[in-house]
Amino acid sequence: VLKRTRVHPVHPGARFAFVVLTLLRHRYILVLWGSTIFSLTLMVHPTPGSLPFVVLAFLVPGIALVIISATLFVLFERWNASGAVALAALGVVACVTSTATIMFPGSHLLELLMPLRWCSLSCSAALSGDLLLSTAQLLPFAALAAIAWAGGAHYA
């Protein structure tokens, strides 16, 4: 899609937004999110006040992951120095995180690096009624998505 839309006179940011929105509204993604949110709400029985925050604890990381994936595809498609740096940074983060998890399985410091832990902490904070903490736990995903959006919109 990115290669075919380069002939149109649109800004690279608009082209990147089109790709991300197309991925976010794909029927398989919507079915996955809908079924997961339905099963999540059936399993944890949230109160009506905490239900939107429990849903956000699942949707915000999912949206951030789609944006980050689209950005990586854009960088790999360009495959210049930026693509190589992005791949190297991703590899270093993956190696350090996996090695530290294996070497220090009980470390509380590693919980700060684990995105799945951020999701579970946000969901548990929403269930306990601490909506501010639940929202604060999702801020790293918003920051990562914003950085990825800026990079993807620049290189699309």
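Bear in mind these aren't lab numbers, they're just calculated from the coordinates by the rules spelled out. Everything numeric in this text was worked out from a predicted model, so none of it was measured. Cβ sites come from the backbone with ideal geometry, for glycine too, and all protein chains shown count toward neighbours.
A full extension of the chain between Phe76 and Ser39 corresponds to an added length of 9.8 nm, given 0.36 nm per residue minus the alpha carbon distance. Subtracting the Cα-Cα distance of Thr47 and Val85 from 0.36 nm times their residue separation leaves 9.2 nm of extension gain. With a Förster radius of 25 Å applied to the beta-carbon distance between Ala150 and Tyr28, the computed FRET efficiency rounds to 0.40.
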